[in-house]
Amino acid sequence: MADNTTLTTEADSFASVTGWGRTAPTTALVERPRTYEEAAAAVRGCGARGSIARGLGRAYGDAAQNAGGSVLDMTGLDRIRSVDADAGIVVCDAGVSLHRLMEVLLPLGWFVPVTPGTRYVTVGGAIGADIHGKNHHVSGGFSRHVRSLRLLLADGEVREVLPGTELFDATAGGMGLTGVILSATVQLLPVETSLMSVDTERATDLDDLMTRLTETDHLYRYSVAWIDLLAKGASMGRSVLTRGDHAPLDELPARARRHPLTFRPGQFPGAPSFVPEGLLGRKSVGLFNELWYRRAPRSRVGELQKISTFFHPLDGVPHWNRIYGRSGFVQYQFVVPYGQEEALRRIVGRISRRGCPSFLAVLKRFGDGDPGWLSFPVPGWTLALDIPANMPRLGTFLDELDEEVCAAEGRLYLAKDSRVRPETLAAMYPKLDAFRALRAELDPHGVFTSDLSRRLAL
Ligand SMILES: Cc1cc2nc3c(=O)[nH]c(=O)nc-3n(C[C@H](O)[C@H](O)[C@H](O)COP(=O)(O)OP(=O)(O)OC[C@H]3O[C@@H](n4cnc5c(N)ncnc54)[C@H](O)[C@@H]3O)c2cc1C
């Protein structure tokens with residue numbers, strides 16, 4: 001299912017393109033280069049509306065679409081060029097998915113350094129958004145593990161780009177706007193097994209959750225909390241924490257030790273293609289949240305889980321994004337710095353009082369920020385939630401939350417965004433002017449353009 005499920009027709013033709021939230025489809029000429037030369041030719045011939053690279057379309061908003069212009073579907077560039085199984089270094093095309101990397105690398109005892117909540121993202125998309133995972137507090141963002149990348153520039157030149165350079169920092173998290181990443185060299189993480197050793201515990205409210213995360217997150221490589229945003233009063237912010245690490249070989253039962261590096265993620269039937277509007281209302285989501293919270297153990301230690309269960313539970317249900325119906329959904333993710341816990345409490349309180357029917361809400365702590373100029377993480381608390389796009393007065397409500405985030409010197413995540421105002425976004429990213437200046441110098445005719453870049457004047 002590693003297909004580009006948010007493209008509606010075959011590549012190399014005009015097609016309707018959306019993000020994972022399915023909120024703002026636009027039409028573009030979708031081209032699917034199979035070689036670096038074809039990618040360069042597509043960029044050179046892209047026309048006045050420009051071009052943007054696209055991976056597997058898992059960004060929620062309009063980052064990988066380009067109304068009236070060209071979209072380069074990079075999934076045709078999907079070769080793993082080399083693996084150094086001693087040093088744990090992979091060189092691959094940008095269109096290779098993290099799913100594919102896991103299939104190939106896990107049996108060799110290596111894991112991707114950072115994985116988001118889905119493994120159906122490409123290496124290009126992982127660098128373009130400088131994605132973070134449950135290990136950000138330990139390992140930083142994806143780009144921190146990239147040793148070099150090859151970038152196709154607006155004039156058709158291909159440049160080797162190294163960490164520590166301005167071009168690298170503008171590209172890591174630069175949402176495809178500095179050029180097309182053709183390939184990358186990535187440092188991997190050694191693992192003894194393909195299982196996770198997981199501790200689960202419940203937190204009774206937001207303060208309890210923040211205390212637990214603050215006091216013990218450093219003990220875990222991976223950490224995240226599912227949070228019930230519909231719970232009110234004394235239960236506001238009640239949560240289920242799941243934290244863990246890759247299980248060492250000696251923690252596996254004898255039978256599992258025979259094939260410790262097997263990677264076999266399961267899959268359920270997909271969501272139906274038609275789902276009635278309003279299925280995910282306050283009542284149904286409230287019930288789901290209640291059950292989810294109650295069925296979680298109060299405290300459980302050292303449970304062995306598959307990688308897919310721990311990191312990517314939603315990947316087991318193909319096209320799950322359809323359950324929000326035709327209007328789609330908005331994903332709202334922000335971070336506020338440490339010291340701004342009061343702002344976090346206020347925002348969670350507002351969401352809870354408003355009754356946003358969100359069953360996919362997670363809270364986690366970020367570690368040090370990453371060098372990418374538009375990279376999202378800063379040290380602090382990050383909350384991500386899904387909201388049906390047809391919720392009444394959603395725009396005004398989210399604008400108000402943006403104000404709170406901004407006042408707390410926090411920011412929103414571009415890979416999730418579909419609606420922030422340009423002036424608000426600019427106030428959140430102090431290096432945006434440097435990013436614009438570099439782009440103006442490298443790409444004076446604005447070849448690399450997306451709906452996102454037009455909407456936010458990036
Ligand atoms: C269920 C789910 C869970 C998620 N969880 C997380 C999470 O935990 N952490 C997190 O950080 N993100 C998360 N995301 C968001 C996702 O990781 C990012 O949006 C990622 O960028 C998607 O990669 P993609 O290959 O689908 O890229 P696309 O969505 O197609 O594109 C994303 C951006 O990358 C650029 N891009 C893609 N390929 C290239 C290339 N070859 N060269 C230059 N630019 C390129 C595009 O132009 C675009 O701006 C999640 C998304 C989903 C659907």
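Listing for the model above:
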{"quantity": "Sequence of Asp399, Asp370 once ranked by neighbouring C-beta atoms within 10 Å, starting from the fewest", "calculated": "Asp399, Asp370"}
{"quantity": "Paired Rg and Dmax values of the stretch 342-439, which use every Cα atom, in angstrom", "calculated": "14.1, 43"}
{"quantity": "Amide N proximity, the stretch 298-329 versus His259 label position 7 Å along Cα-to-Cβ, cut-off under 16 Å", "calculated": "306-308"}
{"quantity": "Local electrostatic count, His312, Cβ distance below 14 Å [Lys/Arg +1, Asp/Glu -1]", "calculated": "+4"}
{"quantity": "Estimated 222 nm signal from helices in the chain, with DSSP H stretches of n ≥ 4 weighted -39500 (n - 2.57), rounded to 500", "calculated": "-7000 deg cm²/dmol"}
{"quantity": "Length added when fully stretched, Val104-Leu291, from 0.36 nm per residue minus Cα-Cα", "calculated": "63.6 nm"}
{"quantity": "Taking Phe311, Phe376 and counting other C-beta atoms within 10 Å, the order from fewest to most", "calculated": "Phe311, Phe376"}
{"quantity": "Extension reserve of the Ala434-Phe14 stretch, reckoned as 0.36 nm per residue once the Cα distance is removed", "calculated": "147.8 nm"}
{"quantity": "Qualifying trypsin sites (Lys or Arg not before Pro) for the stretch 320-364 [loop in DSSP, other Cβ within 10 Å: at most 12]", "calculated": "Arg326"}
{"quantity": "Projected area, mean over directions - the stretch 76-191, Cα convex hull, nm²", "calculated": "6.9 nm²"}
{"quantity": "Fewest-first ranking of Ser197, Ser239, using other Cβ atoms within 10 Å as the exposure measure", "calculated": "Ser197, Ser239"}
{"quantity": "Cα extents of the chain along the three principal axes, largest first (Å)", "calculated": "58, 56, 43"}
{"quantity": "The stretch 93-137: C-alpha gyration tensor shape, a/c 1.5 cut-off, then a/b vs b/c", "calculated": "oblate"}
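Read-outs: derived from the displayed coordinates by stated rules, not from any lab. If you're wondering where the values come from, they're calculated on a predicted model, not measured in any experiment. Every residue, glycine among them, receives a Cβ derived from its backbone with ideal geometry; neighbour counts consider all protein chains shown.
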